[in-house]
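See below for the structure under consideration.
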Amino acid sequence: MQIGLEEHPAIISALHAVDAAELQVKITEGELAPTVNIVGNISQAFETSFAGDRTTGATIAGQLTVPIYQGGEVYARVRQSKETAGQRRIEAEATRDQVRAGVISSWGSLESSKSNVQAAQAQVAAAEVALTGVREEARVGQRTTLDVLNQQQELLNARVNLITAQRDRVVASFSVVQAIGRLSAQSLALRVNNYSAKTHYEQVKDLPWGLSIPDGR
């Protein structure tokens with residue numbers, strides 16, 4: 001549960017969305033703040049008629065802009081941004097609840113599948129013992145060939161059930177891994193080339209021209 005709540009990509013994405021929404025509130029509020037502009041200029045002139053005649057001039061100007069009235073448009077967008085940020089927080093909590101429910105459900109399925117495997121193993125063992133008994137009884141004439149064939153079918157069915165239960169346990173194990181957000185090539189140590197956004201960026205950041213990406217497309 002702790003791994004899922006800390007590492008699941010859906011939760012991480014939702015939290016990034018919350019951060020982005022909160023920053024958008026500050027950006028919109030910044031439109032109500034004063035702005036200061038400073039412009040400087042320096043010039044130099046030479047008189048060609050007289051040697052050494054030179055004029056130098058410099059100016060600097062500052063401008064302060066204070067928003068006074070925007071018709072309520074900026075204030076409305078600030079309130080809208082705050083409502084959006086609140087919505088993103090609710091969505092993050094909902095995502096946490098979904099992940100938590102998924103982990104609980106998948107873990108329960110895994111535990112159930114383990115019990116099914118044990119039950120199927122016991123069923124196979126019982127069917128093998130029963131088949132041995134039927135064969136011995138058939139040898140002394142107390143059972144027919146049909147009885148032996150029926151018991152062999154029971155053993156076959158028990159073995160099929162065991163294989164199915166083992167398959168379900170494997171699937172349930174991967175479901176748990178998926179529920180906690182670790183069903184990835186890196187976590188499973190698959191022998192494949194893992195995509196790295198940083199490596200991709202390093203490959204293209206200094207390209208002065210061209211439309212192709214590193215894989216040739």
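Coordinate-derived values only; no laboratory data. Since this is a predicted model, take the numbers as computed values, not measurements. Because the Cβ atoms are built from the backbone with ideal geometry, glycine has one as well, and the counts that use them run over all protein chains shown.
Which order do the peptides 101-113, 180-192 take when ranked by the mean count of other beta-carbon atoms within 10 Å per residue, highest first?
Ranking, from highest mean packing down: 101-113, 180-192.
Note on the stretch 131-203: percent of Cα-Cα distances in each 10 Å bin, starting at 0 and stopping at the bin with the largest distance, equals 16, 21, 17, 14, 13, 11, 5, 3, 0.
Size of the stretch 65-104: Rg and Dmax of its alpha carbons, in Å, are 17.5, 57. Against the 2.2 N^0.38 Å scaling, with N counting residues, where does the stretch 1-156 land? I'd like the Cα-based Rg ratio to two decimal places. Normalised by 2.2 N^0.38 Å, the Cα Rg of the stretch 1-156 equals 2.74. Between the stretch 1-61 and the stretch 98-143, the alpha-carbon centres lie 70 Å apart. Mean-square fluctuations from a GNM of the chain, with a 10 angstrom spring cutoff on Cα atoms, peak among D19, D147, D206 at D206.
Extending 7 Å from the Cα toward the beta-carbon at both F174 and V192 defines two label points whose distance is 1.1 nm.
Given R₀ = 30 Å, what would the calculated FRET efficiency be for V148 paired with Q118, taking r from the Cβ atoms and rounding to 0.05? The value I calculate is 0.60. Seen against the Cα atoms of the chain and their longest principal axis, helix 73-139 is set at about 20 degrees. A Förster distance of 35 Å, applied to the separation of the beta-carbon atoms of A101 and E73, puts the FRET efficiency at 0.25. Between the helical axis of 9-30 and the longest alpha-carbon principal axis of the chain there is an angle of about 20 degrees.
Ignoring lysines fewer than eight residues from K82 along the same chain, the ones with Cα atoms less than 24 angstrom from its Cα are K26.
Taking 37 °C and 0.692 mPa s as conditions, the stretch 16-67 diffuses translationally at an estimated 214 µm²/s according to Stokes-Einstein applied to its Kirkwood radius (Cα pairs). Sketch the reach of a paramagnetic label on T35 as a point 7 Å from Cα along Cα-to-Cβ, and name the residues of the stretch 65-87 whose backbone nitrogen lies under 15 Å away. Only 65-70, 74 pass the distance filter. In terms of overall dimensions, the C-alpha atoms belonging to the stretch 80-181 reach 88, 17, 15 Å along their principal axes, ordered largest to smallest. For the stretch 53-140, taking Cα atoms only, Rg and Dmax work out to 38.8, 136 Å respectively.
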